[in-house]
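The values are calculated or read from the model by the stated rules, or taken from the named source; none is laboratory data. A quick note: this is a predicted structure, and the numbers were derived from the prediction, not measured. Quick reminder, even Gly has a Cβ in these numbers, built from the backbone with ideal geometry, and neighbours come from all protein chains shown. Surface areas here come from the heavy atoms of the whole protein model, side chains and all, with no ligands, DNA or RNA. Shrake-Rupley method; radii C 1.70, N 1.55, O 1.52, S 1.80 Å.
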Amino acid sequence: MSSERPSQLFRNKSAKIAAIPMIVTALFVFVGGTAWTIVYSFTKSGLLPRLRWVGLDQYERLWSTNRWLVSIENLIIYGLCMLVLVFVIGFILAALIDQKIRFENTIRTVILYPYALSFVVTGLVWQWILNPEFGIESIIQAWGWDSFAFDPLYNADIAIFGVLIAGLWQGSGLVMVLMLAGLRGIDQEVWKAARVDGIPAWKTYIFIVIPMMRPVFITTLVLVVTGIVKIYDLIVAQTGGGPGISTEVPAKYVYDMMFQANNLGQGFAASTMMLLTVALVVIPWAILEFGGSKNRG
Amino acid sequence: MNNSVEIKNLDLEFGAVKVLQNLNLEIGKGEFLVLLGSSGCGKSTLLNCIAGLLDVTAGQIHIKGNNVTWAEPSERGIGMVFQSYALYPQMTVEGNLSFGLKNAKLPKDEIAARIKRAAEILQIEPLLKRKPAALSGGQRQRVAIGRALVRDVDVFLFDEPLSNLDAKLRADLRVEIKRLHQNLQNTMIYVTHDQIEAMTLADRIAIMRGGKIMQLGSPDEIYGRPINKYVAGFIGSPSMNFLEGHLTGDTFEVGDVSIPMAGYDFANGGAANGAATLGIRPEHVVTGELVGNAPFQADVTVDLIEPMGSDTVVDCQFAGARFRLRMDGQARVTVGDTIRLGLDPSRASLFDKDTELRL
């Protein structure tokens with residue numbers, strides 16, 4: 001036996017060996033791919049990537065393109081509304097189901113069901129539901145309310161809210177399930193203590209239970225935000241970006257530029273901007289959340 | 001009206017399951033009552049009913065002369081301490097103590113005064129600005145007691161408050177709760193499954209089983225004159241020795257041994273006949289020089305020894321059954337020794353074999 005302390009590098013060898021494939025994949029595919037994309041966003045690549053430098057030309061063109069600006073605006077509207085509403089709806093549903101109701105499993109499954117459908121199916125379903133010819137509007141008109149009009153997908157000003165409805169329908173169930181798991185993790189004695197203290201239920205939720213559910217909220221936030229930023233298939237299936245360009249989103253712009261308009265450089269520039277936006281949000285948060293962890297233990 | 005809490009004909013059912021059945025209990029002002037029983041006996045359920053956290057099926061609960069059967073927990077004039085402390089983790093200790101008071105819209109200086117008093121009593125003043133995560137288990141439970149204290153109520157309910165603590169802390173906090181009761185003279189109802197806590201803290205103990213109170217009495221009564229075989233076996237550690245035999249007049253016969261019961265205080269005044277169980281606590285079996293004074297004596301062989309420092313528990317065979325007796329820790333015994341033991345019938349308990357009630 002050696003009396004020296006063994007090198008830290010060679011401890012837990014099998015675990016480290018097992019992790020190597022994933023580390024390599026992460027490095028090459030994610031980090032490498034990202035770097036490659038950023039580099040080529042400064043080139044004049046068309047159908048194929050070519051290293052012909054054009055400096056910031058692609059970015060200037062991007063930010064002077066109306067379609068990109070509309071995409072960003074749509075993402076902000078959709079994102080903010082989705083974030084707020086999906087949390088509110090999901091939490092309220094979870095709080096209601098947490099009241100020891102009957103048929104809890106059935107109701108939970110029904111509400112979670114939309115999440116099991118792909119965005120393409122969701123988009124198509126809601127395209128039909130919102131279609132004036134055979135959706136809600138036609139049903140209510142058939143009941144006799146002739147002047148009733150509800151066709152968000154055919155009005156460029158509010159079309160993005162039609163997409164929002166579909167997004168909420170699909171996403172609320174997941175948030176509800178996560179929140180329900182969080183609520184179930186709260187010690188029942190805390191509820192009892194709050195009742196003895198005379199604190200009304202809504203105050204108990206806001207000041208005691210929700211702060212206790214912080215880890216669940218963060219997990220849910222990450223899932224919801226990544227879902228918002230990468231939204232693509234729902235738009236393609238439900239509106240195709242229309243009417244006009246009123247429901248365009250950044251991810252669709254990237255795809256269209258790269259594979260439809262044969263303008264890889266422009267697509268790379270747009271995706272780099274998306275990465276930058278996400279990084280601007282995530283990095284400060286990560287520093288706040290994990291930065292001091294060594295000091296706090 | 002001198003009773004602080006009165007429970008009248010209380011029933012509680014969950015569907016077809018009867019958890020509490022026709023339960024009556026009167027708790028005097030300033031009394032420390034312990035509800036003791038093994039898990040599932042309904043003791044915590046009863047406490048939750050008193051607190052108003054469970055709706056009763058039938059019966060009434062009166063606190064300080066008011067019928068509070070259907071009142072909200074916060075309106076009953078109670079404070080409650082829970083096993084898991086149930087502190088609000090995102091608030092400081094001060095926030096935990098003040099949250100309920102702020103919510104009740106008490107004036108700020110009143111809140112501050114109450115927190116100051118509670119913090120002094122419980123010696124948690126240095127902790128007021130900390131969060132529960134930065135406190136030890138004992139400190140957390142003090143804060144939880146403080147949260148009941150600031151409510152300025154007459155009745156304190158404790159739901160197994162020490163069960164999450166390690167043995168040493170439990171003993172320390174037990175003494176503090178007793179001191180707290182001596183100083184405040186509030187009514188306290190305390191649920192536990194730990195007989196040591198029950199014996200040391202209680203003015204009266206209610207032993208519960210199957211949703212009923214088996215025996216209600218002072219720790220002395222419960223220990224010395226258990227009303228039935230269950231209570232006798234439940235209280236005391238190591239538990240009581242039971243000898244199955246036959247009672248004829250003043251003599252208890254078990255196997256080929258007959259033990260004279262002269263001096264035993266029969267519950268119904270006179271001696272009884274029939275199949276019976278004799279219960280003798282291991283600590284009431286005498287050995288050594290004292291044996292000479294005992295009305296009944298026998299020789300036994302030592303099978304097993306459990307030294308505990310202050311005393312030694314000895315296992316042996318007596319009258320065809322396993323028999324345990326407690327000796328002084330200084331006594332020198334080894335396995336295989338023959339020792340002479342003495343029994344005093346006046347300290348024993350006799351139970352009917354069928355009804356298991358005290359004779």
Q) What do you get for Rg/Rh of the protein assembly as shown when both radii come from the Cα atoms and Rh is the Kirkwood radius? A) 1.15
Q: Let me have the 222 nm mean residue ellipticity of chain B computed from DSSP H runs of 4+ only, each contributing -39500 (n - 2.57), with the sum over all residues rounded to the nearest 500.
A: -7000 deg cm²/dmol
Q) What net charge is computed for the residues neighbouring A:SER138, neighbours being all others with C-beta under 15 Å from the C-beta of A:SER138, Lys and Arg scored +1, Asp and Glu -1? A) -4
Q: Please give the solvent-accessible surface of A:THR239 in Å², to the nearest 10, using a probe radius of 1.4 Å with every protein chain present.
A: 30
Q. To the nearest 10 degrees, how steeply does helix B:167-184 sit against the main Cα axis of chain B, on a 0 to 90 scale?
A. 70
Q. In whole Å, how far is the Cα centre of segment B:219-277 from that of segment B:120-174?
A. 42
Q: Could you give the size of the charge dipole of segment A:59-296 about its Cα centre, using +1 on the Cβ of each K and R and -1 on the Cβ of each D and E, expressed in debye and rounded to the nearest 20?
A: 960
Q. So what's chain B giving for Rg/Rh, alpha carbon basis, Kirkwood Rh from the mean inverse pair distance?
A. 1.06
Q) So what are the radius of gyration and Dmax for the Cα set of segment B:255-312, in Å? A) 14.7, 42
Q: Between beta-carbons, use under 10 Å as the cut-off and find the net charge around B:SER4, counting Lys and Arg +1, Asp and Glu -1.
A: -2
Q.
Compute the distance from the alpha-carbon center of segment A:198-237 to that of segment A:81-144, in whole Å.
A. 17
Q.
Over chain A, with a Gaussian network built from C-alpha contacts below 10 Å, which listed residue (A:PRO243, A:PRO21, A:PRO211) shows the highest mean-square fluctuation?
A. A:PRO21
Q.
Using the alpha carbons of segment B:154-303, what is the convex hull volume per residue in cubic angstrom, as a whole number?
A. 187
Q) Using heavy-atom solvent-accessible surface (probe 1.4 Å) with all chains present, what is the largest-first order of A:VAL196, B:VAL286, A:VAL88? A) A:VAL88, B:VAL286, A:VAL196
Q: Specify which residue in the list B:THR187, B:PRO226, B:SER163 is farthest towards the positive end of the charge dipole of segment B:157-234, using unit charges on the beta carbon of Lys, Arg (+1) and Asp, Glu (-1), about the Cα centre.
A: B:PRO226
Q: State, to one decimal in nm², a quarter of the convex hull surface area for the C-alpha atoms of segment B:139-241, i.e. the direction-averaged projected area.
A: 7.2
Q) So for segment B:238-352, Kirkwood radius off the Cα pairs, Stokes-Einstein at 20 °C and 1.002 mPa s: how many µm² s⁻¹? A) 148
Q) In segment A:227-297, which trypsin sites (Lys or Arg not before Pro) are in a loop and have at most 11 other Cβ atoms within 10 Å, using DSSP for the loop call? A) none
**Q.** Rounded to whole Å, sorted largest first: equivalent-ellipsoid semi-axes of segment A:1-95, Cα gyration tensor
**A.** 42, 31, 10
Q.
Rg and Dmax in Å for segment B:14-109, alpha carbons only: what are they?
A. 15.9, 50
Q.
Compute, for the protein assembly as shown, the length of the dipole vector about the Cα centre, with Cβ point charges of +1 (Lys, Arg) and -1 (Asp, Glu) only. Units Debye, rounded to 20.
A. 2140
Q) Membrane-span-like helices in chain A: DSSP H runs reaching 30 Å or more (Cα, own axis), mean Kyte hydropathy at least 1.0? A) A:66-97, A:159-184, A:264-290
Q) By a straight-distance test (C-alpha under 16 Å), which aspartates and glutamates pair with A:LYS230 as possible cross-link partners, with residues fewer than eight away in the same chain excluded? A) A:GLU73, A:GLU248, A:ASP256
Q. Leaving out same-chain residues fewer than 8 places away, which lysines sit with a Cα under 23 Å from that of B:LYS129?
A. A:LYS203, A:LYS294, B:LYS102, B:LYS105, B:LYS108, B:LYS116
Q) Which distance in Å, rounded to a whole number, links the C-alpha centroids of segment B:291-359 and segment A:42-65? A) 97
Q: With unit charges on the beta carbon (Lys/Arg positive, Asp/Glu negative), name the residue among A:ILE92, A:GLN141, A:TRP128 whose Cα is farthest towards the positive pole of the charge dipole of chain A.
A: A:ILE92
(Q) Can you compute the equivalent ellipsoid semi-axes for chain A, i.e. the square root of 5 times each eigenvalue of the Cα gyration tensor, sorted largest first and rounded to whole Å? (A) 37, 36, 17
Q. With Cβ to Cβ distances under 10 Å as the rule, what net charge do the other residues near B:ALA275 carry (K, R +1; D, E -1)?
A. -2
Q.
Quick check: the angle from helix B:108-122's long axis to the longest principal axis of chain B, C-alpha only, nearest 10 degrees?
A. 20
Q | B:ASP265, B:ASP220, A:ASP187, ranked by accessible area, largest first (probe 1.4 Å) | A | B:ASP220, B:ASP265, A:ASP187
**Q.** Nearest-ten-degree value, helix B:137-149 long axis tilted from longest Cα axis of chain B
**A.** 60
